[in-house]
Amino acid sequence: MIPSNWYNIVPDLPAPPPPPLHPATRQPIGPDDLAPLFPMELIRQEVGQERFVPIPQEVLDVYRLWRPTPLMRARNLEKSLGTPARIYYKYEGVSPAGSHKPNTAVPQAYYNAQEGVRRLTTETGAGQWGSSLAFACAQFGLDCEIWMVRASYDQKPYRSALMRVYGASVHASPSPVTQAGSKVLAEYPGSPGSLGIAISEAVEVAASADDTRYALGSVLNHVLMHQTVIGEEALGQLEEMPDVIVGCTGGGSNFGGLVFPFLREKLAGKIDPVIRAVEPEACPSFTRGRYAYDFGDTAGLTPLMKMHTLGHDFVPDPIHAGGLRYHGMSPLLSHMYELGMFEAVTRSQRECFEAGVRFARTEGILPAPEPTHALAETIAEALRCKESGEEKVILTALCGHGHFDLAAYERYLSGEMEDFALPQERIDEALSGLPA
Ligand SMILES: *Cc1c(COP(=O)(O)O)cnc(C)c1O
């Protein structure tokens, strides 16, 4: 069944998360500071204290195109590993855009349309968020303008084609159409771009037009809350409760969406799973970043958020998991990580693709490069169970399919794919640019 509410974990936490700060005054921001960028209802949800927020009927009507999503047991994968563990995955690749992102794109487009907004701007990394927002804007009659990180724009031409089919206009970022983009291009003409740069471009355009607002596909509290439909459905679908829950983290939305409902049950003392976030070796914000106030974008236009960050100047190597190439992390998850509510580990690009190929050959579904991080960790956990003989129940989110990522899979299969070890000096250098 599709849940009728989203779950807001904030009121259930042992301590409240630190507030976002105004970039100029360094005081906590209020609703008025966010009003040029977001509609009021989303601002309310961002700071809301109700545990459950009803999902509007118009949003449920669109969710029904693909929800509830399947919860599957990976029996063939278990057999190929020879593990006594039982592996379950919640498959979000059945959505129109092929990932979990429409779960938040649809309500964001809906609330903007309700409040009279005509156009949404956004950034996209791998292209999954861009195609999700383009789809959602088409559902509610909004224009959509998208800045797509150059590295992905070149690697994945069919993603921008899909956005255009849904009616959006798409720029490669950095682009010459904004000040933020022009500045980067002047300094570094061959820039592969980054989510931080693309966010600056989309925010700049939204802030300068009255009928235009900005939409973010991850990181923020309301985005993670919309994604809790994943975990709520899984709670109802599972026949046995998980011992281990594993998810990949870029900005943290599919992970938060999967684990928050389980954390609610854990905080209530009903279950006790180990919860583990997996990030790329090339962009390790939880495991090697600093917990500090930083900007969400490169140009410093966004509020300052306290989060695990590699520094807003950090440009990650062009790994194929474009959705995980973000310098920061959800402030809410960062706070919860500091509270010790879950663990985090990293995985290298090649071991992730190895896991993705293994999953495709056993379960038949081709995973997006992002969730192969969760699969690599799931497989490692299942192999530890094989050593110890423990019959653990493992749950993961297969948050998207990889049909647009076949060029990357071909590189992996032909042996051309590289790993990017991240030297400490690059992190130190980017962290030296953190705001004082
Ligand atoms: C965007 C994306 C991610 C990364 O974003 P999160 O907010 O961390 O979930 C991961 N997987 C897929 C398939 C994505 O599209």
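Grab the beta carbon distance between A161 and W66, set R0 = 30 Å, and tell me the FRET efficiency rounded to 0.05.
For A161 and W66, the calculated efficiency is 0.90.
Using alpha carbon centroids, what distance separates the range 238-254 and the range 314-361, in Å?
Centre-to-centre (Cα) distance: 13 Å.
I need the shape label for the range 63-192. Rule: rounded when a/c is under 1.5, else prolate if a/b > b/c, else oblate, with a, b, c from the alpha carbon gyration tensor.
Since a/c reaches 1.5 but b/c is at least a/b, the shape of the range 63-192 is classed as oblate.
Roughly speaking, what is the centre-to-centre gap between the range 113-146 and the range 46-63 when only Cα atoms are used, to the nearest Å?
Using only Cα atoms to place each centre, the spacing works out to 18 Å.
E115 to D210: extension gain in nm, 0.36 nm per residue of separation minus the Cα-Cα distance?
That works out to 33.0 nm of additional length.
How much FRET efficiency would the formula 1/(1 + (r/R0)^6) give for F420 and Q57, where r is the Cβ-Cβ distance and R0 is 41 Å, rounded to 0.05?
0.35
By count of other Cβ within 10 Å, fewest leading, how are T362, T124 ordered?
T362, T124
Taking 8 Å as the Cα distance limit and 6 or more residues as the minimum spacing, I'd like the relative contact order of the chain as a percentage.
19
Taking the chain as a whole, which cysteines find no other cysteine Cβ under 4.7 angstrom from their Cβ?
C248, C283, C352, C385, C399
Assign one of three labels to the chain, namely rounded, prolate or oblate, based on the Cα gyration tensor with a ≥ b ≥ c the square roots of its eigenvalues; rounded applies when a/c is under 1.5, prolate when it is not and a/b is larger than b/c, and oblate otherwise. Don't skip to the end; give the middle numbers.
Numbers: a/c = 1.39, a/b = 1.24, b/c = 1.12.
Because its axes are fairly even, with a/c under 1.5, the chain counts as rounded.
Taking the Cα centre of each part, how many Å lie between the range 365-436 and the range 70-110?
16
Helix-only estimate, please: 222 nm mean residue ellipticity of the chain, summing -39500 (n - 2.57) across DSSP H runs of length 4 or more and dividing by its residues, to the nearest 500.
Numbers: 19 runs with 181 residues, N = 436.
Using -39500 (n - 2.57) per qualifying helix, the result is -12000 deg cm²/dmol.
Ranked highest first by the average count of other Cβ atoms within 10 Å around their residues, in what order do 28-37, 87-96, 229-238 fall?
In descending order of packing, they fall as 87-96, 229-238, 28-37.
For the chain, set up a GNM with springs between Cα atoms under 10 Å and report which of P54, P68, P20 has the largest fluctuation.
Residue with maximal mean-square fluctuation among P54, P68, P20: P54.
If R₀ is 56 angstrom, what is the calculated FRET efficiency for the pair E429 and L406, using the beta carbon separation as r and rounding to 0.05?
The pair E429/L406 has a calculated efficiency of 0.95.
Which pairs, out of K156/K392; K90/K183; K156/K266; K266/K306; K101/K386; K156/K183, put more than 30 Å between their alpha-carbon atoms? Spell out each step's value before the answer.
Numbers: K156/K392 38 Å; K90/K183 42 Å; K156/K266 40 Å; K266/K306 25 Å; K101/K386 34 Å; K156/K183 25 Å.
Listed pairs above 30 Å: K156/K392; K90/K183; K156/K266; K101/K386.
What nm distance separates the two modelled labels at D272 and T362, each placed 7 Å from Cα along Cα→Cβ?
Calculated label separation equals 2.8 nm.
Ordered by packing density, taken as the mean number of other Cβ atoms within 10 Å over each peptide's residues, highest first, how do 385-398, 311-324, 407-420 rank?
311-324, 385-398, 407-420
Quickly rank 240-252, 206-218 as a protection proxy: mean count of other C-beta atoms within 10 Å, highest first.
The packing order, highest mean first, is 240-252, 206-218.
Read-outs: derived from the displayed coordinates by stated rules, not from any lab. The model shown is predicted, which means the values in this text are computed figures rather than measured ones. Note: ideal-geometry Cβ built from the backbone for every residue, glycine included; neighbour counts use all protein chains shown.
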